[in-house]
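Undergrad: Below is a structure I'd like to ask you about.
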Amino acid sequence: MNSSRLKYTLFCILISSLSYSQSKLNSFLTPSDTLNKPRRNAVLVSEASVAGLTLIGLNELWYKDFERSKFQFVNDNNEWLQMDKIGHVFSSYQMGRFGASLLNWSGVSKKNQLIYGATLGFGFLTAVEVLDGYSKEWGFSWGDMLANASGTGLYIGQELLWKEQRIALKFSFHQTKYADLNPSKLGETTLEQVLKDYNGQTYWLSFNLHAFFKESKIPKWLNLAIGYGGEGMLSGSKVIDNQVLTSYSRYRQYYLSFDLNLNAIKTNSMFLKSIFSVFNMIKIPFPALEFNKNGAVFHLFYN
């Protein structure tokens, strides 16, 4: 499944959350110390409604343009230098983080936050994967399912092990020359390119240093980030690139950089905390050292 749809869905949910937060008072945004049933019920109904309407919308608006088929499986694990799979990990992790946060706001127990909140991404993306299974264009991918489970596992595992997210999964993007060479696949507009141009996407594991060295004087907001990206991709397959488009050499990129933990910024405003929580999914631009098959490259300002 094309993970651009997942990031688009995640983007809409997070932006809606931000707009919703802007209209509420600080006290309303403060998580409940005990179970608040009206909040919990509102969260469950809202999540079910949004998920249901999104799936119906995808089925009617997205899949209708493609031929349906009997349920089929596809092995797309070798495509896009696995950037699409990491996109699934990212989407599942962030949706699970968002789901658990909403239940925490409702005063739901930690156990139930993990069971019913942190699994939100995996459950939703499984339903989308089933829709893919009935599309002749795609098909059900076990690789996607493994990626979805990995994103959920990254969140739940840290909560069980440390009771906090010491390692955040983040995203950054920059425009590339490749989108103009194949806009139908990589996007025509800037927003489409953010979602579809894997050459400009970078996924980061952002390590909070203070969380690992709690007795140190390392600032709580300082993170060390390790990134992964890809270059030279005009389509999912290298074979198609060479036969139809061009012979651009595709290769993997690895990055080392610093990052900010926005959740560690001190403020008494729950509104600001909500904003920081939403935007903490984005890797803050910093100098970065890139490693690829051609050697090492220093970027003074990388995003």
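The values are calculated or read from the model by the stated rules, or taken from the named source; none is laboratory data. Nothing here was measured: the structure is a model prediction, and the numbers come from that model. Note that we place each Cβ from the backbone using ideal geometry, even for glycine, and neighbour counts take in every protein chain shown. Keep in mind that these areas ignore ligands, DNA and RNA; they rest on the heavy atoms of the full protein, side chains included. Shrake-Rupley method; radii C 1.70, N 1.55, O 1.52, S 1.80 Å.
Undergrad: For Lys238, Lys110, Lys70, write out the residues from largest to smallest accessible area, computed with a 1.4 angstrom probe and no ligands counted.
TA: Accessible-area ranking of Lys238, Lys110, Lys70, largest first: Lys70, Lys238, Lys110.
Undergrad: Treat each spin label as a single point 7 Å out from the Cα along the C-beta direction, and report the Lys177 to Leu191 distance in nm.
TA: 2.9 nm
Undergrad: Along the Cα→Cβ direction, 7 angstrom out, place labels at Leu256 and Phe298. What is the inter-label distance in nm?
TA: 1.3 nm
Undergrad: Size of the dipole of the chain about the Cα centre, Lys and Arg at +1 and Asp and Glu at -1 on the beta carbon, nothing else charged, in debye to 20?
TA: 1000 debye
Undergrad: Now for a different question. Calculate, axis by axis, the spread of Cα positions in the chain along the three principal axes, and write the results as whole Å, longest axis first.
TA: Between the extreme Cα coordinates on each principal axis of the chain lie 61, 49, 34 Å.
Undergrad: Sticking with this one: From the phi angles alone, apply the Karplus equation (6.51, -1.76, 1.60; θ = phi - 60°) to the stretch 282-289 and give each ³J(HN,Hα) in whole Hz, x where the residue is Gly or Pro.
TA: Residue by residue, the stretch 282-289 yields 9, 6, 6, x, 8, x, 8, 10 Hz.
Undergrad: Among Phe258, Phe271, Phe66, which one shows the highest mean-square fluctuation when the chain is modelled as a Gaussian network with alpha-carbon springs under 10 Å?
TA: Phe66
Undergrad: Over the chain, with a Gaussian network built from C-alpha contacts below 10 Å, which listed residue (Lys111, Lys85, Lys170) shows the highest mean-square fluctuation?
TA: Result: Lys111 has the largest fluctuation of those listed.
Undergrad: How many nm separate the modelled label positions at Ile56 and Ser109, each set 7 Å beyond the Cα in the direction of the Cβ?
TA: 3.4 nm
Undergrad: Residue separation times 0.36 nm, minus the C-alpha to C-alpha distance between Asn36 and Asn75: what's the value?
TA: 9.6 nm
Undergrad: Report ³J(HN,Hα) in whole Hz for each residue of the stretch 218-224, in order, from the Karplus equation J = 6.51 cos²θ - 1.76 cosθ + 1.60 where θ = phi - 60°; Gly and Pro get x.
TA: 5, x, 5, 8, 8, 10, 10
Undergrad: Any of Lys185/Lys283; Lys110/Lys217; Lys110/Lys136 with alpha carbons more than 32 Å apart? Name them for me.
TA: Check vs 32 Å cut-off fails for Lys110/Lys136.
Undergrad: Which whole-number value in Å² is the accessible area per residue of the chain, probe 1.4 Å?
TA: 51 Å²
Undergrad: Report, by chain and number, residues whose modeled amide H sits under 5 Å from the one on Ser106, excluding near sequence neighbours (fewer than 5 apart, same chain).
TA: Those qualifying (amide H under 5 Å, at least 5 residues apart or on another chain) are Ser32.
Undergrad: Find the eigenvalues of the gyration tensor of the Cα atoms of the stretch 154-236, then list the square roots of 5 times those eigenvalues as equivalent ellipsoid semi-axes, largest first, in whole angstrom.
TA: Calculated on Cα positions only, the semi-axes equal 35, 13, 9 Å.
Undergrad: With springs connecting C-alpha atoms under 10 Å apart, model the chain as a Gaussian network and identify which of Val130, Val45, Val278 has the largest mean-square fluctuation.
TA: With Cα springs under 10 Å in the chain, the top fluctuation among Val130, Val45, Val278 is at Val45.
Undergrad: Which helices of the chain meet both criteria: a Cα extent of 18 Å or more along the helical axis and a mean Kyte-Doolittle score no lower than -1.0, with helices taken as whole DSSP H segments?
TA: 4-22, 37-57, 83-105, 120-133, 142-162
Undergrad: Also, quick follow-up: Tell me which lysines have Cα within less than 23 Å of Lys293's Cα, excluding those fewer than 8 residues away on the same chain?
TA: The reachable lysines, counting only those whose Cα sits under 23 Å from Lys293, are Lys85, Lys177, Lys238.
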